[in-house]
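Mind having a look at this structure? Questions to follow.
The values are calculated or read from the model by the stated rules, or taken from the named source; none is laboratory data. Being a predicted model, the structure only gives us computed values, none of them experimental. Glycine gets a Cβ as well: all are built from the backbone with ideal geometry, and neighbour counts include every protein chain shown.
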């Protein structure tokens, strides 16, 4: 069994004890596409082998279950800016390798017409465990997302941050929704990725409010003792403490079609995590929101993205989901002003832009092609250079 299969809670406790607030890691998942047809193509091993010859990139490339997907990782950045700089370099080099092989990289939460029944899996011990354990659920999952790690010192504080981020998850999902089409149909939803992944995988979605590291450890020990999990990464919550890295990992967002959106969401997530840590440190009261209420907002975000409404449970009133950004910016203003984080998101997210194109007469395939064109045009650093603050959006 691989090293990532070992649940070493004492080492995890130490990782948090020696950790640093505000380190950042970014993980972006891209689909591998035929450049002419935009069909998914199972060429992960080929692209991975190409990147393996590039010492600056090899350690930053990873597989994600299916052979039509590749993940690019920033590695640990000492702060947001550092992580973004690393990720820009890695993206540029990955896109160059893909282009040389005649592969296009796409970045929406789902592929509009791929037949999941024809997917094949990466042949590693880890993914064999995933497929053996999840069976149809693993085969059905052909999804692409954005994950952000934020360093949080002290294990109890990490749990507190996760607890405080629970009701924030639907807001981040509404802002990032980018998957209206799957299986050759318009689903009527804005994030079918979330419905497919979060509602199918076990130990996924909104976690419980744990309250302490001790309570969280008891839960993991129970899962392991009952053979429910063999490794920690089989806990797939939308926000989780990542015990190998000493971080809080937010996993709710769809993959983003443009670099500016991915970077803005990363900055927003970093600000939310650090503000949650500050609120905990300052003793701000936290009344745990029941999961059933948070899940109601998750469903609204899945269904309508930022075009619908969310519920403010404190006042039992609805508010426009598009206002989620202003609410999060207001909450995180203290941390953002200190760190200079100013996320700028477009007025229409990826799902809305795809739906707008269909409303204007495009087919879902044509709307997807336009999204792929956005990705090809904006992900290389030449289109969003560190020297351009408007494009940097953080």
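Can you work out which of the residues in the range 224-251 that are touching a helix residue (DSSP H, G or I) at 6+ places or on another chain (Cβ under 8 Å) and part of a helix (DSSP H, G or I) is surrounded by the fewest Cβ atoms within 10 Å (Cβ to Cβ)?
My answer is 233.
Can you confirm whether the range 163-177 contains a residue that is at pLDDT 95 or above, over 20 Å from residue 273 (Cβ atoms) and either touching a strand residue (DSSP E or B) at 6+ places or on another chain (Cβ under 8 Å) or assigned to a loop (DSSP other than H, G, I, E, B) (or both)?
yes
Same structure again: If you check residue 254 against the conditions, is it surrounded by fewer than 24 Cβ atoms within 10 Å (Cβ to Cβ), modelled with pLDDT of 95 or more and either in contact with a helix residue (DSSP H, G or I) (Cβ under 8 Å, 6 or more places away or on another chain) or closer than 21 Å to residue 27 by Cβ (or both)?
For residue 254, the condition - surrounded by fewer than 24 Cβ atoms within 10 Å (Cβ to Cβ), modelled with pLDDT of 95 or more and either in contact with a helix residue (DSSP H, G or I) (Cβ under 8 Å, 6 or more places away or on another chain) or closer than 21 Å to residue 27 by Cβ (or both) - is not met.
Let me ask something additional. Of all residues in the range 132-145 being crowded, with 18+ Cβ neighbours inside 10 Å and in contact with a helix residue (DSSP H, G or I) (Cβ under 6 Å, 6 or more places away or on another chain), which is farthest from residue 74 (Cα to Cα)?
Applying the filter and picking the extreme gives 138.
Related question: Yes or no: the range 53-72 includes at least one residue that is under 29 Å from residue 268 (Cβ atoms), out of contact with any helix residue (DSSP H, G or I) (no Cβ under 8 Å at 6 or more places or on another chain) and part of a helix (DSSP H, G or I).
Looking through the range 53-72, none of the residues is under 29 Å from residue 268 (Cβ atoms), out of contact with any helix residue (DSSP H, G or I) (no Cβ under 8 Å at 6 or more places or on another chain) and part of a helix (DSSP H, G or I).
Then there's this: Can you tell me which condition residue 167 does not meet? The list is (1) within 23 Å of residue 65 (Cβ to Cβ); (2) touching a residue at least 60 places away in the same chain (Cβ under 8 Å), and all the others hold.
Of (1) within 23 Å of residue 65 (Cβ to Cβ); (2) touching a residue at least 60 places away in the same chain (Cβ under 8 Å), only one is false for residue 167: (1).
Given the criteria closer than 23 Å to residue 169 by Cα, buried (at least 16 other Cβ atoms within 10 Å of the Cβ) and out of contact with any helix residue (DSSP H, G or I) (no Cβ under 7 Å at 6 or more places or on another chain), does residue 86 qualify?
no
In this structure, is residue 298 closer than 21 Å to residue 206 by Cβ and touching a residue at least 40 places away in the same chain (Cβ under 8 Å)?
It is true that residue 298 is closer than 21 Å to residue 206 by Cβ and touching a residue at least 40 places away in the same chain (Cβ under 8 Å).
Return a yes/no flag: does the range 115-122 have any residue that is over 19 Å from the mean Cα position of the chain (by Cα), without any contact (Cβ under 8 Å) to a residue 24 or more places away in the chain, under 25 Å from residue 191 (Cα atoms) and part of a helix (DSSP H, G or I).
Within the range 115-122, one or more residues are over 19 Å from the mean Cα position of the chain (by Cα), without any contact (Cβ under 8 Å) to a residue 24 or more places away in the chain, under 25 Å from residue 191 (Cα atoms) and part of a helix (DSSP H, G or I).
Cβ contacts < 6 Å: first residue on the phi > 0 side of the Ramachandran plot, restricted to the range 175-196; second residue surrounded by fewer than 24 Cβ atoms within 10 Å (Cβ to Cβ) and part of a loop (DSSP other than H, G, I, E, B), any location; separation 6+ or different chain. Result?
From the range 175-196, the pairs are 184/113.
Condition test on residue 273, is it modelled with pLDDT of 95 or more, within 15 Å of residue 169 (Cα to Cα) and in contact with a helix residue (DSSP H, G or I) (Cβ under 6 Å, 6 or more places away or on another chain)?
yes
Something else: Are any residues in the range 43-61 touching a residue at least 12 places away in the same chain (Cβ under 8 Å) and either under 22 Å from the mean Cα position of the chain (by Cα) or crowded, with 19+ Cβ neighbours inside 10 Å (or both), and if so, which ones?
43, 44, 47, 48, 50, 51, 57, 59, 60, 61
Oh, and also: Please work out if residue 295 is crowded, with 18+ Cβ neighbours inside 10 Å, touching a helix residue (DSSP H, G or I) at 6+ places or on another chain (Cβ under 9 Å) and assigned to a helix (DSSP H, G or I).
no
Residues to consider are 286, 310; find the one that is part of a loop (DSSP other than H, G, I, E, B), more than 19 Å from residue 250 (Cα to Cα) and touching a residue at least 24 places away in the same chain (Cβ under 8 Å).
After applying the criteria, what remains is 286.
A further question on this structure: Does any residue of the range 11-34 turn out to be assigned to a loop (DSSP other than H, G, I, E, B), free of Cβ contacts under 8 Å to residues at least 40 places away in the same chain and surrounded by fewer than 19 Cβ atoms within 10 Å (Cβ to Cβ)?
no
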